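Data block below; observations after.
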Amino acid sequence: MKHSQPAPVQFRDLSIGYGRDQPVMTGLTLDVVPGAVLAIIGPNGSGKTTLFRTLLGILPPLSGEVSVSGLSPTEYRRRHGIGYLAEDTALPDKWSCEGILTLAAAAAGPDADVPNAVRLAGVDYATDISTNALSKGMKRRLALAVALMRPTRLLILDEPESGLDPGQRHRLRRRIDSIRSSMTILVASHDLGELALMSDHVLLMEHGRGRLVDQPDGGFTRHFLEQEFLRLEGAVS
């Protein structure tokens, strides 16, 4: 059975990392509002990708709990799927885009919808060409189409703007706006301007902890997020 509403995500006293002697974040307790866009910001190595791997069920928590619609991440992903765009998605060389989309549709199962995924991802070029002929931005949009191949109520985006020019970043933000009512979206990025424009909530990863940043009057801005980010290193008094 499919979920008809965006998936709620809960973290309860969550500690994550690659061994009990190597935690990258501890004690995260947070309810991610269904249908909201949660931005995650922090320095390289602060645990953003590790948090995503835990939420995907790839990496078990060191302690605490994480759930998606009341299920473990592994069970939720098995039943309903989770859309995931990795920071460095590798596409096979010398494959046609159509071949990759066909393979992704087969992996996604009977709920796969290639035309819808292509439309949502903004793949506006001919898909009978080889991946070798694609620019980095075109590859990024193809990878996003793969992530959206199966209808999902939870979408995770790790540096989605990588390789996109300003116009493509604007169009990506518009696409996120168009689907946000049907999905819960978590996005990590160093592009604080784009995050300020698209996000409802911001989680700041700092010194092994996660802190939800209160939205200022007038909403998030690039300057506000930059100031919060710089405080992590004591660069702002």
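Stretching the chain fully between Leu230 and Val33 yields a gain of 68.3 nm (0.36 nm per residue, less the alpha carbon separation). The spacing between segment 151-210 and segment 55-96, judged by their C-alpha centroids, is 17 Å.
With each label modelled as a point 7 angstrom along the Cα→C-beta vector, the Leu212-Asn116 pair spans 3.0 nm. Dipole magnitude for segment 89-151: computed about the Cα centre from +1 point charges on Lys and Arg Cβ and -1 point charges on Asp and Glu Cβ, it is near 260 debye.
Please report Asp217, Asp158 as a ranked list, fewest other C-beta atoms within 10 angstrom at the top and most at the bottom. Each step should come with its number before you reach the end.
Working: Asp217 4, Asp158 21.
Fewest-to-most ranking of Asp217, Asp158: Asp217, Asp158.
Applying 0.36 nm per residue to the separation of Tyr18 and Ile179 and subtracting their alpha-carbon distance, the gain on full extension is 54.6 nm. Using C-alpha pairs under 8 Å with a sequence gap of at least 6, the mean separation divided by the residue count of the chain gives a relative contact order of 27 percent. Here's the picture: charge each Lys and Arg Cβ at +1 and each Asp and Glu Cβ at -1 in the chain, and of Gly45, Tyr125, Val33 the one pushed furthest to the positive end of that dipole is Tyr125.
Suppose every K and R has +1 on its Cβ and every D and E has -1 on its Cβ; what is the size of the dipole of the chain about the Cα centre, in Debye to the nearest 20? Numbers along the way, then the final one.
Details: 26 positive and 27 negative charges, 106 e Å.
So the magnitude is around 500 debye.
When DSSP assigns beta bridges and you keep just the ones with both residues in the chain, what percent turn out antiparallel, to the nearest 5?
On the way: 18 of 34 bridges.
The antiparallel proportion sits near 55 percent.
Label point of Asp128 set 7 angstrom out along Cα-Cβ; within segment 79-100, amide nitrogens under 20 Å from it belong to 94-100.
Throughout, read-outs are computed from the coordinates displayed, never taken from laboratory work. Because the structure is a prediction, the values reported are computed rather than measured. Heads up, the Cβs are rebuilt from the backbone with ideal geometry, glycines too, and the neighbour counts pull from every protein chain shown.
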